[in-house]
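In what follows, a single structure is set out as structure tokens and then discussed.
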Amino acid sequence: MSSSDLDVKDQGLMQIASDDLNDNAKQLHGTTDTNRVEADVTFKAYMMCAFASFGGIFFGYDSGYISGVMGMEYFIDTFQKDQRDKPKSEKSLPSSRKSLITSILSAGTFFGAIIAGDLADWYGRRLTIIAGCFIFMIGDILQVASSSLGLLVAGRLVSGFGVGFVSAIIILYMSEIAPRKVRGALVSGYQFCITLGLLIASCVNYGTEKLNTSASYRIPIGLQLLWALILGIGLFFLPESPRFFVKKGNVAKAREVLARLRDQPLESPQIEDELAEIVANHEIEKKLIPQDSYWSSWAACFEGSITNNSSNLRRTILGMSLQMMQQFTGVNFIFYFGTTFFQELGTISNAFLISLITTLVNVCSTPISFWTIERFGRRTILIWGAIGMAICEFIAAIVGTAKEGDKNAMKAVISFICIYIFFFASTWGPGAWVVIGEIFPLPIRSRGVGLSTASNWFWNCIITVITPYMVGTDQGNLGAKVFFIWGGLCTCCIVYAYFLVPETKGLSLEQVDRMMEETNPRGSAKWRPTTTYAQEVGLVDAAKADVEHKV
């Protein structure tokens, strides 16, 4: 769509946006070339995003260590005293206590993710993540010091707020600083770090579970302090997101940090073109999404029609439902309750080792997404990933139910669980995080990503509350039958991804906005940009446009 194709309302909007540009913005000169709206990829950009993705380690580590810790004999004796006189093989926490200990962190994270959206807009993406690390450390210290259920639960709740800050804003931060050509791969690095955290947790649990002292669970819990320290201190040396400064109207500072991110001089034409596109897009979005007050800025997330692909309401629902569907794949059932689930099957001699193997599969499979997410796109891998997961889960459910108690059958079930984890780790694991970082316009991006991440943790909390009652031997005792439920939900994920998820591969964040305005999810893979925001807002003079047209 060219500028001349815009309807009268849009043309008027562009003129208003151009008139309202601040003095620094008016000095920018953008480009009409849609391939030049972002500077070249540099090694420095890779390294900054790689470090930022480190935030996934303590997210993953926290999810991983609790599964093993709840199966440790000393932990059970400490927090469930009526189990002390039982033989080791018969000791276990009641389903209600597993549910509380596991889900309380997700509850804290839900609220932390929502609050983080505001803080990221007020104080910046980087400082919000640093604050999350500090809050997490306070909660972790409370957990290490705990010898009663009350203090342990309080510590996990506080840690949850910190994880909420980090998990919501690290995705936002990485999406805003990563170059478009490799944004999917770099944001996938966050999911890879989550899997590394899970693996480290499994290794630590495996090494300490035989200790007959409180060190068996205090060491796994306390090690989390290291991850928060590394991320929090390291972020002091990284730049803020340039889009945050554009949102605040500080174009000069945005230019400075963008030059640092792209490893270019301040006067570089590439920096000029990219900054002009960001500013122009923001000016347009400000007119479309007025934010006169705090509450109106939140209300803006829910404006528009649900049938309009580009409306804020549609994008918010898409982000929240995408994270819901990721949880519905059932993968956190394995990582939160895998150890105790394998113990309760009664056919596994070393449940800690099996949990370590499933975690290792998760780690080794995730890097595949670095290539596939840019080669085939977000939408494609989500569809095929859901198909693969559904098949594996139905096979595991059928075999486990038909041959219940058979050791060889359980080996087959574990094999298909590993293949299922492979499909998740290489598709839905990173894919859902990448998409939510890309689909929101700048005026509501921090709140949109915060709401989407809160949805992830809300459904995470629901699943961790109900799953012990579904599979616990003292409750539903579904055993392998639980995979019929996860398989059915993965079938829903196939339909969901096909009809609702757009393709955002290879587009700048500003071009994603335009794509969602002009096409639907099923036609999104074929969409190509034909104009730039800088051109429409009047940041490209006629002489430059003529030169670029001839080139």
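Counting only heavy atoms of protein chains, what accessible area per residue, in Å², does region 402-444 have with a probe of 1.4 Å? Before the final figure, lay out the partial values.
Working: 1300 Å² over 43 residues.
I get 30 Å² per residue for region 402-444.
Given points 7 Å out from each Cα along the Cα-Cβ axis, report the LYS411 to ALA252 separation in nanometres with one decimal.
7.1
Pop a pseudo-label 7 angstrom from the Cα along the beta-carbon direction at both LEU225 and CYS492 and give the gap in nm to one decimal.
4.2
Express in Å², to the nearest 10, the accessible area of ARG315 obtained by rolling a 1.4 Å probe over the protein heavy atoms while all chains stay in place.
10
On the protein heavy atoms, probe 1.4 angstrom, tell me the percent of accessible surface of region 210-307 carried by carbon and sulfur. Display every interim value, and only then the final one.
Details: 2770 of 4310 Å².
C and S atoms contribute 64 percent here.
Would you mind calculating the gained length between ILE306 and GLN80 on full extension (0.36 nm times residue separation, minus the Cα-Cα distance), in nm to one decimal? Could you put the intermediate results ahead of the total?
Working: separation 226, 0.36 × 226 = 81.36 nm, distance 4.88 nm.
Length gained between ILE306 and GLN80: 76.5 nm.
With θ set to phi - 60°, apply the Karplus curve 6.51 cos²θ - 1.76 cosθ + 1.60 along region 251-257 and write out the HN-Hα couplings as whole Hz, x wherever there is a Gly or Pro.
Working through the residues one at a time gives 5, 4, 5, 4, 4, 4, 6 Hz.
Any of LYS44/LYS181; LYS286/LYS505; LYS248/LYS286; LYS248/LYS287; LYS86/LYS403; LYS248/LYS526 with alpha carbons more than 23 Å apart? Name them for me.
Numbers: LYS44/LYS181 15 Å; LYS286/LYS505 25 Å; LYS248/LYS286 12 Å; LYS248/LYS287 15 Å; LYS86/LYS403 29 Å; LYS248/LYS526 34 Å.
The answer is LYS286/LYS505; LYS86/LYS403; LYS248/LYS526.
Give the share of C-alpha pairs in each 5 angstrom bin for region 77-212, from 0 to the last occupied bin, in whole percents, shortest bins first.
Taking every Cα pair in region 77-212, the percentages come to 2, 9, 13, 17, 20, 14, 10, 7, 5, 3, 1, 0.
Once the Cβ-Cβ distance between TYR469 and TRP122 is put in as r, and R0 is 45 Å, what FRET efficiency do you end up with, to the nearest 0.05?
On the way: r = 40 Å, r/R0 = 0.90.
Rounded to the nearest 0.05, the efficiency is 0.65.
What is the calculated FRET efficiency for TRP295 to THR530, with r their C-beta to C-beta distance and R₀ = 30 Å, to the nearest 0.05? Each step should come with its number before you reach the end.
Values: r = 37 Å, r/R0 = 1.24.
The computed FRET efficiency comes out at 0.20.
Could you grab the relative contact order for region 131-247? Cα pairs under 8 Å, six or more apart, rounded to a whole percent. Can you show the working numbers first?
Numbers: 95 pairs, mean separation 35.7, N = 117.
Reported relative contact order: 31 percent.
At a Förster radius of 45 Å, what calculated FRET efficiency corresponds to the Cβ-Cβ distance of LEU149 and MET47, to the nearest 0.05?
On the way: r = 43 Å, r/R0 = 0.95.
That gives a FRET efficiency of 0.55.
Could you tell me what % of all Cα pairs in region 426-529 have separations over 19 Å?
On the way: 3070 of 5356 pairs.
In whole percent, the long-distance tail amounts to 57.
For region 187-292, run through the GluC sites (Glu not before Pro) and keep only the ones in DSSP coil with at most 13 other Cβ atoms within 10 Å of their Cβ.
Sparse-neighbourhood loop GluC sites (Glu not before Pro): GLU267.
At a 1.4 Å probe radius, which order do ARG528, ARG218 fall into by accessible area, largest first?
Numbers: ARG528 155, ARG218 65 Å².
Greatest to least solvent exposure: ARG528, ARG218.
Suppose all protein chains stay in the model; what accessible area per residue would a 1.4 Å probe give for region 77-228, in Å²?
Values: 5040 Å² over 152 residues.
Result: 33 Å² per residue.
The values are calculated or read from the model by the stated rules, or taken from the named source; none is laboratory data. Remember, predicted model here, so these are calculated numbers, not experimental data. Counting neighbours? That spans all protein chains shown, and the Cβs are built from the backbone with ideal geometry, glycine included. With ligands, DNA and RNA removed, areas are computed over all heavy atoms of the protein, side chains included. Shrake-Rupley method; radii C 1.70, N 1.55, O 1.52, S 1.80 Å.
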